[in-house]
Amino acid sequence: MDKKKRNRILSAVFVVILVAGVFFMDNTVDSYVRRVLSLCAIYAIVGLSMNLVNGFTGMFSLGQAGFMAVGAFTVAVFTVPVEQRAAVFYLEPMNPLIADIELPFVAALLLGGLLSAILAFLIGAPVLRLKGDYLAIATLGFSEIIRIVFTNMQTVTNGALGIKYIPTINSLWWTIGIMIIVVVLMVLLIHSSYGRAFKAIREDEIAAEAMGINLFKHKVISFVTSGFFAGIGGGLMAALLGTVDPLQFRFTLSYDILLIIVLGGMGSISGTVIAAFVVTAGKEWLRFLDETVMIGGWEVPIFRPGFRMVIFSVLLMVVVLFYRRGLMGTNELTWDFIFEKLEKLKTKFSKKGAPKEVSK
């Protein structure tokens, strides 16, 4: 059997297993596990959006929290039932221009992504002429500006009080399904002529420009696409939590996303998805370290609130020391990659188990 046929068969089997797994978990696991898995999928979406700019295009942006805020508040504003808005906007009434507009979840989600993309274009046009740390500082500043603006838009975002009564999504099909769609779109984009131009810019801007690549155009396309996906992720988070406020989108959120793409591999789609699940689920599963532990009536002194993050940080340091380019580097978890690794392991163990020749 040739490799292409083998890969197609394995991919079809994987899709069937994935669909069956999502169906099983969606109907059997409790709401807590479903929420954790949904958060993993959302962070994977936002991680992919940041990796498109930072990993594939070679820029250094820290503005994902701001774009997530745009998507989240768009979903919140337009999906809260009209009859419940008076209970939300009780300090100041909602702006009459949007007070009676209620959209289906999918429409509001796409609108949030579109508004994030438009804002990314308005920010990117002047800012993307900067490079390196200067670009990171500028995008981080714009992210904080967006959050502060939302904090003061009382009649639109309800200010610092935030918005509640957002219709929630409880099915894994929303989050994991949209994550799969985003992964497919990212794969198609990266393997297109635009994706090859992004990688050329990442490797050497001068050489890319000499080859006829319009640097500004492709940087803006990458930044706008990243903003769209980040807005989608923010909208999903608002619908998952059922409430949203500006403090959820502080600059530390961008650092969390940056941690995911660095751990997974700058320039790796599969690495970002794996790291998003490992980091998000790991933080939740280590939560028991924040609780008091008693042994024979004696309280173990090291188990205190915050100890979970200490252990988690140590584990991340260990991973980074052994995988300096992240778990996947710039590689993708393809069937050829898996079989290549298995073949290397097989060769390694067969050499170890082979009898040594006795010298005469």
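Rounded to whole Hz and in sequence order, give me ³J(HN,Hα) for the stretch 59-70 from the Karplus expression 6.51 cos²θ - 1.76 cosθ + 1.60, θ = phi - 60°, writing x for Gly and Pro.
Residue by residue, the stretch 59-70 yields 8, 10, 10, 10, x, 4, 4, x, 5, 4, 4, 4 Hz.
Among rounded, prolate and oblate, which fits the stretch 152-289 when a ≥ b ≥ c are the square roots of the eigenvalues of its C-alpha gyration tensor, a/c under 1.5 means rounded, and a/b larger than b/c means prolate?
prolate
In what sequence, largest accessible area first, do 174, 335 appear using a 1.4 Å probe?
Numbers: 174 95, 335 70 Å².
Largest accessible area first, the list is 174, 335.
Which of the aspartates and glutamates could a cross-linker span from residue 341 if the Cα-Cα distance has to be under 17 Å and same-chain partners fewer than 8 positions apart are dropped?
By straight Cα distance, residue 341 reaches 332.
Order 166, 180 by their accessible area, 1.4 angstrom probe, all chains in place, largest first.
Descending accessible area places them as 180, 166.
Going by the alpha-carbon gyration tensor, a ≥ b ≥ c the square roots of its eigenvalues, is the stretch 14-140 rounded (a/c under 1.5) or, if a/c is not under 1.5, prolate (a/b greater than b/c) versus oblate?
Oblate, because a/c is 1.5 or more while a/b does not exceed b/c.
Between residue 131 and residue 315, with labels modelled 7 Å along Cα→Cβ, what's the label distance in nm to one decimal, could you check?
About 3.9 nm, to one decimal.
I want to check the label-to-label distance for residue 100 and residue 307. Put each point 7 Å from Cα in the C-beta direction and report it in nm to one decimal.
Placing both labels 7 Å beyond Cα along the Cβ direction yields 5.9 nm.
Could you derive backbone 3J(HN,Hα) for the stretch 33-39 from the dihedral phi with the Karplus parameters 6.51, -1.76 and 1.60 (θ = phi - 60°), listing whole Hz in sequence and x where the residue is Gly or Pro?
5, 4, 5, 4, 5, 5, 4
Past the 19 Å Cα-Cα mark, which pairs from 131/219; 164/283; 4/199?
As for pairs spanning more than 19 Å Cα to Cα, those are 164/283; 4/199.
With every protein chain present, what is the per residue accessible area of the stretch 154-212 (1.4 Å probe, Å²)?
Working: 3140 Å² over 59 residues.
About 53 Å² of surface per residue is accessible.
With a 1.4 Å probe and all protein chains left in place, how much accessible area per residue does the stretch 307-352 have, in Å²? Before the final figure, lay out each step's value.
On the way: 3770 Å² over 46 residues.
Counting only protein heavy atoms, the per-residue value for the stretch 307-352 is 82 Å².
Rounded to whole Å and ordered largest first, report the semi-axes of the equivalent ellipsoid of the stretch 148-219 derived from its Cα gyration tensor (root of 5λ). Display every interim value, and only then the final one.
Values: eigenvalues 301, 99, 10 Å².
They are 39, 22, 7 Å, listed from largest to smallest.
7 Å from Cα along Cα→Cβ at both residue 336 and residue 184: what's the point-to-point distance in nm?
For the pair residue 336/residue 184, the computed spacing is 2.2 nm.
Per the helix-only calculation at 222 nm, which mean residue ellipticity applies to the chain, given -39500 (n - 2.57) for every DSSP H run of n ≥ 4 and division by its residues, nearest 500 deg cm²/dmol?
-22500 deg cm²/dmol
For the stretch 14-73, how big is Rg over Rh, using alpha carbon atoms and the Kirkwood form of Rh?
Ratio of gyration radius to Kirkwood radius: 1.12.
Bin width 20 Å, origin at 0, all Cα-Cα pairs of the chain: what percent of pairs per bin?
Bins of 20 Å from zero give 26, 53, 19, 2, 0 percent of pairs.
When the chain is treated as a GNM, springs tying every alpha-carbon pair under 10 Å, which of 44, 210, 65 comes out with the largest mean-square fluctuation?
Between 44, 210, 65, it is 210 that shows the largest mean-square fluctuation.
When the accessible area of the chain is computed with all protein chains present and a 1.4 Å probe, what percentage of it is carbon and sulfur?
Working: 13160 of 19300 Å².
Carbon and sulfur: 68 percent of the exposed surface of the chain.
From the square roots a ≥ b ≥ c of the eigenvalues of the alpha-carbon gyration tensor of the stretch 236-276, which class results: rounded (a/c under 1.5), prolate (a/b over b/c), or oblate?
The shape class here is oblate.
The values are calculated or read from the model by the stated rules, or taken from the named source; none is laboratory data. None of these values were measured; they are calculated from a predicted model. Backbone-built Cβ (ideal geometry, glycine too); neighbour counts: all protein chains shown. Surface accessibility is based on the protein's heavy atoms, side chains included, excluding ligands, DNA and RNA. Shrake-Rupley method; radii C 1.70, N 1.55, O 1.52, S 1.80 Å.
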